[in-house]
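Report on one structure; see the data block that follows.
Readers should treat all values here as calculations from the given coordinates under stated rules, not as data from a laboratory. Note that the structure is a prediction, hence the values are computed from the model and not measured. Cβ placement follows ideal geometry from the backbone for every residue including glycine, while neighbour counts extend to all protein chains displayed.
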Amino acid sequence: MKKVNHPNDTGERDTMRPEYDFSGAVRGRTAARYAEGTNVVVVGRDVLDVFPDGISVNEALRALAPVIRRRRAMRNKVSRVAARN
């Protein structure tokens, strides 16, 4: 007789090690922050000396954002003018 697999059964063996202790864990602890749109970005090793944490990355991006927005607006303006001609 064939064994019937449960639909959620991945067929993988349990790999939970005894030293893993989740007794103090809180389910969904970061769910609210994730739902707010928090993004995870991996910073390249070559710039870790400049951007050691999320605060420094955000400061740099906030300083750069107006420049990018101006360039984008100018590019869009040029595209609209070109489309009219």
Check: Of the residues 62, 75, 13, which exhibits the maximal mean-square fluctuation in a Gaussian network model of the chain defined by a 10 Å Cα contact cut-off?
Finding: 13
Check: Are there GluC sites (Glu not before Pro) in the range 18-75 that DSSP marks as loop and that have at most 12 other Cβ atoms within 10 Å, and which are they?
Finding: 19, 36
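Using a Förster radius of 35 Å, what is the FRET efficiency between residue 15 and residue 41 based on their Cβ-Cβ separation? Nearest 0.05, please.
Once rounded, the FRET efficiency stands at 0.75.
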Note to self: On C-alpha positions alone, give me the angle between the axis of helix 54-84 and the longest principal axis of the chain, in degrees, nearest 10.
What the structure shows: 50
Notebook entry, point to check: Are there chymotrypsin sites (Phe, Trp or Tyr not before Pro) in the range 19-82 that DSSP marks as loop and that have at most 10 other Cβ atoms within 10 Å, and which are they?
Noted result: 20, 22
Next item on the list: Determine the calculated [θ] at 222 nm for the chain from helices alone, applying -39500 (n - 2.57) to every DSSP H run no shorter than 4 residues and normalising by the residue count; nearest 500 deg cm²/dmol.
Entry: -14500 deg cm²/dmol
